[in-house]
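Here is the structure we will look at, set down as structure tokens.
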Amino acid sequence: MNKLVVSLLAFVFILGCKTTETINLPEKIIEIENPNKKPVERPVYQASYTKKVDLIHTKLAVSFNWEKAELYGKADITLRPYFYATNKLELNARGMDIHQVALVEKDNKKPLDFTYDSLLITIALDKIYTRNDTLTISIDYTSKPEELKTGGSNAISSDKGLYFINPKGEEKNKMPQIWTQGETESNSVWFPTVDASNQKMTNEIAITVAEKYVTLSNGILTHAELNGDGTRTDFWEMDQPHAPYLVMMAVGEFKIVKDKWKNIEVNYYVEEEFELYANDIFGLTPEMLEFYSTVLGVAYPWQKYHQIVVRDYVSGAMENTTGVIFGDFVYQTKRELIDGSNAEDVIAHELFHHWFGDLVTCESWSNLPLNESFATYGEFLWNEYKYGSDKAAHGLQQDLSGFLAQEKQTGPKDMIRFDYKDKEDMFDGHSYQKGGRILHMLRKYMGDEAFFASLKLYLEENKYTDVEMHQLRLACEKITGEDLNWFFNQWFFAKGHPVLEITYEYNDSTKIQKVIVEQKQNFDEVPLYKLPFKIDIYANGKKTTKEVVADKVTNVFEFEVSTKPDLVNVDADKMLLCEKTDIHKSTEEWAFLYQPTANYGALKMNYLDRYEAISKLQKSKEEIAITTLIKALNDEYEGIRNYALGSIKTAANARPTETKEALLKLAKEDADSKVRGNAIAALSKYFAGEDGVEDVFLNGINEQSYFVIGKSLAAISTTNGKLAMKYAKTFEEEDNAALVGAVSGIYVEHGTEKQLDYFMNKAEKIDGFGKYGFMMSFNSYLKKQDNTTVSKGLATIKNIALNEKIWWIRMVGINSLSDLDGMYANRIHIAEADLKTTEVGSEKEQKLRNAIEEDKKLQQSITKILEEVKSKEENPRLRSMLGLKG
């Protein structure tokens, strides 16, 4: 590249709302592409799959060998050449045994020659077929998922496609079951297909199982037949086209709890233990169906809507058309639901996919935000409708924080990303959280009427098809009449986000309020944004709203005012996806942002204003800041109360009596269990041992809320370890994650070798997400115990590191082994250094030598286990973590 030095002097900006102003900018070096430079290679471009054929219908008949974890299948695949005539057909089929391929001709099957490389069946057709021809290929095959080398992503941890869970019944607390996971391209493990998101087909499946099992698949259960040998065949039919990755199947001794929306069946498939709680977990689904159908103006388009909970799931949930699968994290009793639903946002997310992802599908994984950004925004829409703007905005704030944290680790990426290394990489904070925030900005820019009219048009024009991002833009343009390339280009086809520095200048003589907005992102890789937003000016008891557009490196906006404003609130709707530094705001202004002064009446600031105010005030020692923080403890929204509880340190030090009284009141009386529990935690942190505080902890032990009990146990543990141990023992049989965490934490701090049995027994009983955190506590416990206890505990750690089915739980076992190995290596190193300065023949020398010998012996045992893990581990991520290739 050649470099050109340009002096950017006396650059004139057109300023919003009043006059122009000259701003002097420093010299900047701009790199200009050398026109004579030859490219080394073409950039990576992940294109949509070329449509060689058009899938029409897939008919499957399957049965299972549970002992071998195999599926025996027959597939009749009806298709036509897409455009070009061909005498060859290629179908995806991963890791199968292919027994026969034939062409179906009326009542006959004509065998066809084929080759198979374990990934692709290449079939020689009997003649050349054109796009006017329709043909049906019949394939007999065996699916062998356990023999596959698997991959996966952070969102979908395995791509094995077909899963036999506890097929031999060897695990005590786990119901044997079979389920599938198709996204991204994993359904070709259990039936041959064109495994691409830009294909659409109808399908039917006959599932033969033992009579004790129930089945679930897409579409309608048309009928079932008893076979006279203890088996039954269920016939499921999906007569509306959808993508191959959305085909699903599940088998097990599930209980079916029936519900309905209008004339559509809405059923919940759960294990017997949770049959009584199915409606508590999923019961809002009919209301969600009504809400989404209404707000989108497009009625739910499918034949049914069933949801099923499975064990050892490789994702959170999956939007299989009409048959959504959830991991067992959604299982909660009525008592556990006191502390909030684990599932509600996810239920909303997967349901919204039935419009965005299932009805209209991204044509390629590069366009995944058309699926996941919308589903994420679907969560916002539901919370806004059901619980109000504070709850919805709370989700927006969490999405922004999560996205920004991830981007700092990975660097900026395009939203519509054609250069990904692996399609699984698309399942990240860009496609989900950032995309949801972008859609919110689009809605705020367009207005609700235009936004939802655009979504309706997009869905109706593109139903049962595959699309790219431009289809959404065109629908929005058709409704609004505005060219929206500027919006889509900067947000969906570029990387990064705005980094804003906001400053203020007020001239008392001219009564001019200036707002200076400077974009400070790295312009070498991030665009200069066009940012429409609102500025609210609060003065003389009135709020005035100004609409502006920041589209330069520096924009200066000038407003005529009658007096110095009490507050100037930039991005008043708090809808911008950005990082910002708000300079020169006084403590009084931040306090005003939380709650305007009395002369503004009952004016309420939005959640994100109040959240930002607390974040800025929490370290201030000024009286107005402390008063505002204490006031926030009584905010009408529980999310703000909880945030204030985590921000109360300065207030607790400055005004302890008032703060303590507020915390006691919350701990005893707040309607929200999370607030009560967090108030107890704050009392423990700042006022442990003071009058009246321990009584609150003891009362908390008797609450119905597991969260409050857990926080109370932890609080007691900080002042009275003996009493905490006594109470912890009474809760050892509880499996609730909050209580398991609290009991484990107490045993980590105060436990002896006597608590080893608790950890080892609980490790066998719990699974899923709860096991991950529990095993980290087990590791911390072992690090504080003697070698005999560690040696006994290693059996459990070894079993998890070697035999757990879920790779990320094996990972925590491997991490524990590595951590213990490092601890012993460090102990040996310190002891050997100490030995060098110890008197020869002394009692201390002998103790050190004995300790070193014991530690080395135990470390060798740990090393031996790690070597065994290395020799047997097949997961690519874990092999990489272990320093292994491939």
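The values are calculated or read from the model by the stated rules, or taken from the named source; none is laboratory data. Since the structure is predicted, the reported quantities are computational estimates derived from the model, not experimental observations. Cβ placement follows ideal geometry from the backbone for every residue including glycine, while neighbour counts extend to all protein chains displayed. Note: accessible area is taken over every heavy atom of the protein model, side chains too, but ligands, DNA and RNA are not part of it. Shrake-Rupley method; radii C 1.70, N 1.55, O 1.52, S 1.80 Å.
Here are the numbers for this structure:
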read-out: Restricting region 108-149 to residues that are of a type in the set (A, V, I, L, M) and open to solvent by 60 Å² or more (accessible area, probe 1.4 Å), the residue that is nearest to Phe164 (Cα to Cα); value: Leu119
read-out: Verdict on Leu820 being touching a Gly at 6+ places or on another chain (Cβ under 6 Å), farther than 26 Å from Asp328 by Cβ and open to solvent by less than 30 Å² (accessible area, probe 1.4 Å); value: no
read-out: Residue tally, condition assigned to a helix (DSSP H, G or I) and surrounded by fewer than 16 Cβ atoms within 10 Å (Cβ to Cβ), over region 870-886; value: 6
read-out: Any chance Glu867 is surrounded by fewer than 14 Cβ atoms within 10 Å (Cβ to Cβ), closer than 30 Å to Glu424 by Cα and either under 38 Å from the mean Cα position of the chain (by Cα) or polar (S, T, N, Q) (or both); value: yes
read-out: Conditions (1) out of contact with any Gly (no Cβ under 8 Å at 6 or more places or on another chain); (2) on the phi < 0 side of the Ramachandran plot; (3) surrounded by 14 or more Cβ atoms within 10 Å (Cβ to Cβ); number of the one not met by Trp486; value: (3)
read-out: Arg335 being in contact (Cβ under 8 Å) with a residue 24 or more places away in the chain, over 30 Å from Gln177 (Cβ atoms) and among the charged types (D, E, K, R); value: no
read-out: Residue identified as assigned to a helix (DSSP H, G or I), open to solvent by 20 Å² or more (accessible area, probe 1.4 Å) and touching a residue at least 40 places away in the same chain (Cβ under 8 Å) among Tyr727, Tyr772; value: Tyr772
read-out: Condition met for Glu501 (touching a residue at least 40 places away in the same chain (Cβ under 8 Å) and either assigned to a loop (DSSP other than H, G, I, E, B) or in contact with a Pro (Cβ under 9 Å, 6 or more places away or on another chain) (or both)); value: no
read-out: Hits in region 228-270 (condition: touching a Ser or Thr at 6+ places or on another chain (Cβ under 6 Å), part of a loop (DSSP other than H, G, I, E, B) and open to solvent by 30 Å² or more (accessible area, probe 1.4 Å)); value: none
read-out: Residue within region 443-458 that is open to solvent by 10 Å² or more (accessible area, probe 1.4 Å) and touching a strand residue (DSSP E or B) at 6+ places or on another chain (Cβ under 9 Å) present; value: yes
read-out: Spans of strands (runs of 3 or more DSSP E) in region 110-204 with at least 2 residues out of contact with any His (no Cβ under 6 Å at 6 or more places or on another chain), under 30 Å from Asn87 (Cβ atoms) and in contact (Cβ under 8 Å) with a residue 24 or more places away in the chain; value: 120-129, 135-143
read-out: Pairs where the first residue, in region 751-767, is more than 18 Å from Ala801 (Cα to Cα) and the second is surrounded by fewer than 14 Cβ atoms within 10 Å (Cβ to Cβ) and not basic (Lys, Arg), C-beta under 9 Å, 6+ apart; value: Glu753/Asp786; Glu753/Thr788
read-out: Residue match in region 856-864 (condition: surrounded by fewer than 18 Cβ atoms within 10 Å (Cβ to Cβ) and more than 17 Å from Ser791 (Cβ to Cβ)); value: no
read-out: Residue check, Thr752 modelled with pLDDT under 95 and over 25 Å from Phe329 (Cα atoms); value: no
read-out: Residues that are assigned to a helix (DSSP H, G or I), farther than 28 Å from Asn342 by Cβ and open to solvent by 20 Å² or more (accessible area, probe 1.4 Å), drawn from region 679-717; value: Tyr686, Glu694, Asp695, Leu698
read-out: Members of region 556-592 that are under 30 Å from Gln490 (Cα atoms), among the aliphatic types (A, V, I, L, M) and out of contact with any Lys or Arg (no Cβ under 7 Å at 6 or more places or on another chain); value: Val568, Val570, Leu576, Ile583
read-out: Residues (surrounded by fewer than 16 Cβ atoms within 10 Å (Cβ to Cβ) and not in a loop (DSSP other than H, G, I, E, B)) located in region 386-413; value: Lys386, Tyr387, Ser389, Gln398, Ser401, Gly402, Ala405, Lys408, Gln409, Thr410
read-out: Residue in region 543-551 that is in a loop (DSSP other than H, G, I, E, B) and at pLDDT 95 or above present; value: yes
read-out: Positions within region 429-451 being in contact with a Lys or Arg (Cβ under 8 Å, 6 or more places away or on another chain) and either on the phi > 0 side of the Ramachandran plot or in contact (Cβ under 8 Å) with a residue 40 or more places away in the chain (or both), in sequence order; value: His430
read-out: Matching entry among Ala851, Ala795 (being within 30 Å of Tyr331 (Cβ to Cβ) and part of a helix (DSSP H, G or I)); value: Ala795
read-out: Glu501 being open to solvent by 70 Å² or more (accessible area, probe 1.4 Å) and under 26 Å from Asp414 (Cβ atoms); value: no
read-out: Residue in region 504-516 that is nearest to Gln409 (Cα to Cα), counting only those that are touching a strand residue (DSSP E or B) at 6+ places or on another chain (Cβ under 9 Å) and open to solvent by 60 Å² or more (accessible area, probe 1.4 Å); value: Glu505
read-out: Wholly within region 588-654, helices (runs of 4 or more DSSP H) carrying at least 3 residues that are closer than 19 Å to Ala393 by Cβ and either of a type in the set (A, V, I, L, M, F, W, C) or open to solvent by 60 Å² or more (accessible area, probe 1.4 Å) (or both); value: 607-617, 638-645
read-out: Selected residue [part of a strand (DSSP E or B) and farther than 20 Å from Asp195 by Cβ] from Ile308, Ile338; value: Ile308
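Residue-by-condition table, conditions (1) at pLDDT below 95; (2) in a strand (DSSP E or B); (3) crowded, with 17+ Cβ neighbours inside 10 Å:
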residue: Glu460; (1), (2), (3): no, no, no
residue: Arg473; (1), (2), (3): no, no, yes
residue: Gln490; (1), (2), (3): no, no, yes
residue: Glu518; (1), (2), (3): no, yes, yes
